[in-house]
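The values are calculated or read from the model by the stated rules, or taken from the named source; none is laboratory data. Predicted model only: the values in this text are computed from it and were never measured. Quick reminder, even Gly has a Cβ in these numbers, built from the backbone with ideal geometry, and neighbours come from all protein chains shown. Accessible surface is based on the protein model in full, side chains and every heavy atom, while ligands, DNA and RNA are left aside. Shrake-Rupley method; radii C 1.70, N 1.55, O 1.52, S 1.80 Å.
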Amino acid sequence: MTPRYALCVLLLCGAISLPVQAQSFSTVTGRNHPEIDWRVATTEHFEVVHPARLGDIAAEAAPIAEATYDTLSATLDVAFDERIRVYLSDQDAIVNGFAVPFGTGYTDIWVNTNDWAASFSGTASWLRLVLAHELTHIFHYEAARSGLGVWALALGGSFPRVWTEGLAQYQAETWNAQRGERWLRAAVLDDALAYDDGRSLWNGRLLYASGHSQVRYFAQQHGDSTLTDLLHHKTDVLFGLAEVHDFEAAFRATAGQSYKTFYEQWRRDVNVYYNTLASQLETLDSLQTDTLAVPGRYVDGLAYSPDTSRIAALTQHSPARPVRRLHVIDPSTGAVTRGAEGAIEPPVAWHPSGERIAFSRRTRAAHGSLVDDVFVVDADGTDERRLTHGRRTSAPTFGPDGDRLAFVATEGGTANVHLRALKTGGTTRVTDYEGDVQITALRWHPTQDTLAFARVSEAERELVLYDLDTGASTALTDPATDDRRPVWSPDGSQLAYTSLRDGVPNAFVYDLSTHTHRRATHLVRGATVHDWVPADSAFGAESSRAAPEGALVTSTALSKARDGAFRLPAHRTARSVAPAVPGQYDDWTTTRPPRTIPQQLAPDPSLIESQGDYDALSNLTHRASGALPYYTSTDNFGIAGVTSWTEPLGTHTLNAAGSVSFTDPDEKSEVVATYLNRQLRPTIGLSLFSASSSGRIYGNDLLVEDRTGGALTVRWPLDWRVAPYVSTSFSTRLRYADLDPLDPDDFTALGPLSPPQAGQ
């Protein structure tokens with residue numbers, strides 16, 4: 001290999017060590033959305049970038065961001081010289097956000113989503129929860145930052161992701177069921193704390209839970225000031241010429257012990273904690289249950305057909321095949337029919353005729369946005385139809401007459417219940433909620449025009465009955481208990497539901513006539529209620545007297561790697577117990593930072609100092625650059641380097657690598673540059689190159705060519721066929737290259753091969 005070719009390989013490796021395009025809304029969703037008019041609102045410490053149609057979102061985000069800044073700046077001893085950019089989008093119904101360390105740091109967050117209410121617990125709104133979490137990441141990046149920028153990652157140990165996420169949850173959230181307890185408990189009781197073993201579909205949640213628990217435990221054991229010192233600690237590298245943050249070294253220096261020693265101490269104590277809990281609570285084998293055989297290892301939804309002869313099961317197969325599928329099971333024969341698949345959200349609902357099943361699934365809508373819509377499919381898995389288009393729907397449920405379908409639709413961050421006339425296709429909104437309201441798990445009464453659903457409003461979670469005739473709403477539960485997923489009894493006199501008050505889901509029953517609540521399970525691993533079936537269907541006619549009220553159809557985590565589905569007598573009452581654990585083992589669950597970010601913050605437009613149009617080019621952000629001298633021979637030496645820039649919305653990305661030869665700048669200098677533009681609907685890429693490349697064996701030597709030219713590529717995504725796991729696009733490339741072999745005189749005696757020649 002020639003020295004020049006070796007240099008080119010080094011430069012190209014440096015150029016691609018960073019992703020071609022930094023993470024942005026567009027890279028996650030695969031759509032560019034040129035139709036959005038982006039605006040920016042400036043506060044003391046932030047620039048809040050948002051679509052013009054979300055005119056009020058800055059007033060909501062500003063107090064959250066500024067309160068988070070004040071709290072974290074004091075707690076973590078971090079301040080910023082420039083404003084932090086916050087990008088907010090409602091174009092897709094994605095319950096997520098991410099933070100990026102480039103520049104001062106910026107965060108992209110999806111807002112106005114409804115599904116977060118089912119995925120999370122606690123009293124904070126989605127915007128408060130996700131914005132404070134992502135900003136904690138940015139403060140963490142700044143605390144650990146050194147003069148080497150991202151190149152420090154190559155010289156020092158990176159902060160492990162488990163602690164990165166744990167720190168963000170500790171500073172911005174509470175320890176609760178969905179953000180730690182249920183996932184960590186299952187893993188500890190399995191003695192399977194590894195979140196990277198590939199065994200569980202929930203390993204990602206376990207990573208968050210493990211980190212959250214560890215950081216809380218660290219703060220409880222060593223104090224918050226030590227945690228801050230750990231983030232700031234730096235280690236000398238390059239013979240003392242630079243410094244980087246190394247997690248392992250920082251841990252030893254600040255905590256006085258290795259991370260491995262700390263981990264073993266934490267593992268021992270959480271084992272004592274959870275096994276002590278387990279000794280005082282119910283276990284599955286202590287219940288009178290009837291096990292259901294369902295396909296797949298993870299159970300998301302179960303629904304019996306109206307005549308109880310079949311079961312609709314929404315399951316996922318395994319971590320290796322994480323495909324969510326809807327199956328119809330005939331328990332009498334064991335026959336399983338595969339129906340719809342994709343990003344289907346529970347619950348699913350049978351039509352009273354037993355011929356069709358309705359469900360909500362994420363799909364493409366206008367401008368390629370990712371949102372949920374209502375679909376129906378025949379029970380035999382055929383004739384799938386889409387009933388709504390871009391409505392951001394969830395929880396469809398059929399009326400008892402079979403002529404109407406109720407569903408939840410979200411607009412502008414507000415969820416309301418709508419009715420669809422199945423014969424005409426017309427829809428009508430029946431609730432009149434405003435503001436930040438989410439609705440999940442909608443269920444229609446078996447015989448009456450009454451709906452039950454879980455509602456989150458002003459950070460309060462409660463089960464609600466809604467009378468379609470009068471429009472009256474009745475709250476049934478205490479907002480502090482986090483109750484969800486209501487299920488009607490067959491006669492409509494009672495309502496089973498799932499509560500997260502124990503840190504794991506457990507089954508409860510509400511009696512509409514006596515207005516009383518009854519605990520049905522107190523399982524250490526929890527149980528989620530999916531359906532309620534009559535006695536003769538659940539256990540056979542001969543068992544009706546043993547289970548006069550029928551059975552609750554439930555699922556539980558048998559282990560972190562498998563769920564189980566079972567039925568238990570609906571009339572059972574679990575014994576009431578308040579489990580006790582010695583304080584030294586459970587104090588970490590209530591440990592809090594010395595300063596906490598308020599859970600609820602009212603919009604405050606007075607915090608906005610200015611507003612205006614967003615300019616993408618002026619927000620081009622430096623990711624990394626570097627240059628080093630090189631020497632290959634007395635005839636060729638100089639400087640080689642790389643640089644990378646991106647704009648947080650993904651509209652512009654520029655990467656370049658090259659070298660400047662001091663001995664022969666015209667002939668021996670090299671450059672490779674790429675530019676990606678996502679301002680229009682298609683993604684346009686431009687590359688320019690003048691460098692040695694295409695090293696390959698030619699005869700008895702290595703042929704290297706000097707390649708000069710460029711390429712223009714266009715990729716246009718198409719939504720003409722919208723289906724799960726299907727992506728279609730049109731791509732074209734126009735390319736020109738001038739190829740000139742280096743040292744062609746080395747290839748004069750090649751036998752049957754002709755000497756290499758220049759060409760275009």
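Within segment 391-431, the set of residues being among the β-branched types (Val, Ile, Thr) and loosely packed, with under 14 Cβ neighbours inside 10 Å comprises Thr424, Thr428. Note on segment 82-121: residues that are buried (at least 19 other Cβ atoms within 10 Å of the Cβ), in contact (Cβ under 8 Å) with a residue 60 or more places away in the chain and assigned to a loop (DSSP other than H, G, I, E, B) total 12. Working only within segment 232-252, note down all residues that are part of a helix (DSSP H, G or I), open to solvent by 50 Å² or more (accessible area, probe 1.4 Å) and in contact (Cβ under 8 Å) with a residue 24 or more places away in the chain. Residues satisfying the conditions are His232, Glu248. In this entry, Ile138 passes the filter for residues that are touching a residue at least 40 places away in the same chain (Cβ under 8 Å), in contact with a Phe, Trp or Tyr (Cβ under 8 Å, 6 or more places away or on another chain) and in a helix (DSSP H, G or I). Do any residues in segment 585-601 that are touching a residue at least 60 places away in the same chain (Cβ under 8 Å) have Cβ atoms under 7 Å from those of residues that are open to solvent by 50 Å² or more (accessible area, probe 1.4 Å) and not in a helix (DSSP H, G or I), where the two are at least six apart or on different chains, and which pairs are they? Going by the 7 Å Cβ cut-off, the qualifying pairs are Gln599/Thr123. Pairing residues of segment 328-339 that are farther than 13 Å from Ser305 by Cβ with residues that are open to solvent by less than 50 Å² (accessible area, probe 1.4 Å) and of a type in the set (A, V, I, L, M), at Cβ distances under 7 Å and at least 6 apart in sequence or on separate chains, gives Val336/Ile329.
Is one or more of the residues making up segment 683-690 closer than 21 Å to Phe637 by Cβ, of a type in the set (Gly, Ala, Ser) and in a strand (DSSP E or B)? Break it down stepwise before answering.
Going residue by residue through segment 683-690, those that are closer than 21 Å to Phe637 by Cβ are 690.
Narrowing the set further to residues that are of a type in the set (Gly, Ala, Ser) leaves 690.
Applying the additional criterion that residues be in a strand (DSSP E or B) yields 690.
Yes, because at least one residue in segment 683-690 is closer than 21 Å to Phe637 by Cβ, of a type in the set (Gly, Ala, Ser) and in a strand (DSSP E or B).
Let's see how each residue does on (1) in a loop (DSSP other than H, G, I, E, B); (2) touching a helix residue (DSSP H, G or I) at 6+ places or on another chain (Cβ under 7 Å):
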position: Val577; (1), (2): yes, no
position: Gln611; (1), (2): no, no
position: Ala627; (1), (2): no, no
position: Tyr630; (1), (2): no, yes
position: Ala657; (1), (2): no, yes
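Which pairs do you get when a residue that is touching a residue at least 60 places away in the same chain (Cβ under 8 Å) and more than 18 Å from Glu173 (Cα to Cα), found in segment 197-210, comes within reach of a residue that is in a helix (DSSP H, G or I) and open to solvent by less than 60 Å² (accessible area, probe 1.4 Å), reach meaning Cβ atoms under 6 angstrom, with the pair 6+ apart or on two chains? Between residues of segment 197-210 that are touching a residue at least 60 places away in the same chain (Cβ under 8 Å) and more than 18 Å from Glu173 (Cα to Cα) and residues that are in a helix (DSSP H, G or I) and open to solvent by less than 60 Å² (accessible area, probe 1.4 Å), the close pairs are Trp202/Trp183. The number of residues in segment 728-746 being at pLDDT below 90 and either within 24 Å of Ile684 (Cβ to Cβ) or assigned to a strand (DSSP E or B) (or both) comes to 3.
Residues that are open to solvent by 60 Å² or more (accessible area, probe 1.4 Å), assigned to a helix (DSSP H, G or I) and more than 22 Å from Pro582 (Cα to Cα) within segment 262-291 comprise Asp285, Ser286, listed in sequence order.
Among the residues of segment 660-667, are any touching a residue at least 12 places away in the same chain (Cβ under 8 Å), touching a strand residue (DSSP E or B) at 6+ places or on another chain (Cβ under 6 Å), open to solvent by less than 50 Å² (accessible area, probe 1.4 Å) and farther than 25 Å from Ile84 by Cα? Checked against the condition, which is being touching a residue at least 12 places away in the same chain (Cβ under 8 Å), touching a strand residue (DSSP E or B) at 6+ places or on another chain (Cβ under 6 Å), open to solvent by less than 50 Å² (accessible area, probe 1.4 Å) and farther than 25 Å from Ile84 by Cα, segment 660-667 yields at least one hit. With respect to Pro717, determine if the residue is crowded, with 17+ Cβ neighbours inside 10 Å and farther than 23 Å from Gly658 by Cα. Here the answer is yes, as Pro717 does meet what is asked.
Being assigned to a helix (DSSP H, G or I), under 17 Å from the mean Cα position of the chain (by Cα) and under 20 Å from Thr591 (Cβ atoms) is true for just one of Gln178, Gln171. Which residue is that? Don't jump to the end; show me each part of the working.
Working: Gln171 fails: under 17 Å from the mean Cα position of the chain (by Cα).
Unique residue meeting the criteria: Gln178.
Given the condition crowded, with 17+ Cβ neighbours inside 10 Å, free of Cβ contacts under 8 Å to residues at least 24 places away in the same chain and touching a strand residue (DSSP E or B) at 6+ places or on another chain (Cβ under 9 Å), answer yes or no: does some residue in segment 520-532 qualify? Within segment 520-532, not a single residue is crowded, with 17+ Cβ neighbours inside 10 Å, free of Cβ contacts under 8 Å to residues at least 24 places away in the same chain and touching a strand residue (DSSP E or B) at 6+ places or on another chain (Cβ under 9 Å).
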